[in-house]
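Contents: one structure, followed by commentary.
The values are calculated or read from the model by the stated rules, or taken from the named source; none is laboratory data. Everything numeric here is computed off the predicted structure, so don't read it as measured data. Methodologically, a virtual Cβ is constructed for each residue, glycine included, from the backbone with ideal geometry; neighbour enumeration extends over all protein chains shown.
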Amino acid sequence: MAREMGLGVVAWGPLAGGVLSDKYKWTDLDPSANSGPPKFDTRKAVNIASGRLNDRALTIAAEAEAVAQELSRPATQVALAWTLLNPAVTSTLIGARTFAQFKDNLAALDVTFDDKHLVRLEAASRVEMGFPHDMINSQVTAKQLFGGVSVPYSMIDACCASVRRLGARQDLNRRRIVSTIFGVKGGLIFMMSIFGG
């Protein structure tokens with residue numbers, strides 16, 4: 001979204017409070033060890049209480065660690081390099097506590113990924129859109145709202161490009177709407193108007 005709006009993102013906490021540094025394990029989520037009111041006396045306790053340390057985060061951390069082992073790099077470098085590959089990210093804030101950590105983090109600038117690594121990292125970290133996107137992407141909704149017709153993404157992309165070109169024109173306000181396409185692309189609901197002369 002930021003990239004679409006021409007905004008840059010400065011990633012805060014790209015290691016998720018140390019979760020992506022391979023510091024935590026599944027046993028850290030053991031409810032018997034974390035019972036009672038939340039405590040904030042350790043970083044682990046803060047990460048659990050804040051929701052940073054959870055099943056999903058550990059799944060992402062495990063994939064980052066697996067890629068790190070394949071690249072013979074620390075997981076921290078993989079996580080930082082992967083964050084910096086996002087075209088919307090202009091910079092990232094690192095929270096090194098020691099000069100050694102700082103130097104290690106800077107080495108992330110030298111990490112090179114294969115396409116297979118990126119595919120795995122993206123799959124592990126894919127954000128589930130939830131409601132209403134799940135409902136809209138369902139076959140039932142597609143049949144009820146759109147008559148079972150699906151619009152190919154290539155057509156949607158072409159329509160988006162056309163609307164952007166028309167939007168640059170001065171006389172856009174005098175154009176009339178000919179048709180509207182509703183659909184879902186990348187989990188986002190959109191409505192696009194096609195303008196006629």
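Can you go through Ser125, Ser72, Ser138 and tell me which one is polar (S, T, N, Q) and at positive phi?
It is Ser72.
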query = Which pairs do you get when a residue that is closer than 21 Å to Ile94 by Cα and in the same structural domain as Asp55 (by TED's automatic domain parsing), found in the range 105-132, comes within reach of a residue that is in a loop (DSSP other than H, G, I, E, B) and at pLDDT below 95, reach meaning Cβ atoms under 8 angstrom, with the pair 6+ apart or on two chains?
reply = Asn105/Ile94; Asn105/Ala96
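Residues in the range 56-74: is at least one within 14 Å of the chain's Cα centre (by Cα), under 27 Å from Ala2 (Cα atoms) and among the charged types (D, E, K, R)? Quick ask: steps written out before the conclusion?
Keep residues of the range 56-74 that are within 14 Å of the chain's Cα centre (by Cα), which gives 56-57, 60.
With under 27 Å from Ala2 (Cα atoms) added as a condition, the list becomes 56-57, 60.
Now restrict to residues that are among the charged types (D, E, K, R): 56.
Yes - at least one qualifying residue is present in the range 56-74.
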task = Could you tell me which residue of the range 40-73 is surrounded by the fewest Cβ atoms within 10 Å (Cβ to Cβ), considering only residues that are in a loop (DSSP other than H, G, I, E, B) and at pLDDT below 95?
result = Asp41
query = Do we have Thr83 as buried (at least 16 other Cβ atoms within 10 Å of the Cβ) and in contact with a helix residue (DSSP H, G or I) (Cβ under 8 Å, 6 or more places away or on another chain) here?
reply = no
request  = Please list, ordered by first then second residue, the pairs with beta carbon atoms under 6 Å, 6 or more apart or interchain, first in the range 1-23 and of a type outside the set (S, T, N, Q), second loosely packed, with under 13 Cβ neighbours inside 10 Å and not in a strand (DSSP E or B).
outcome  = Arg3/Pro87
Residue count, the range 86-132 (criterion: part of a helix (DSSP H, G or I) and not charged (D, E, K, R)) = 16
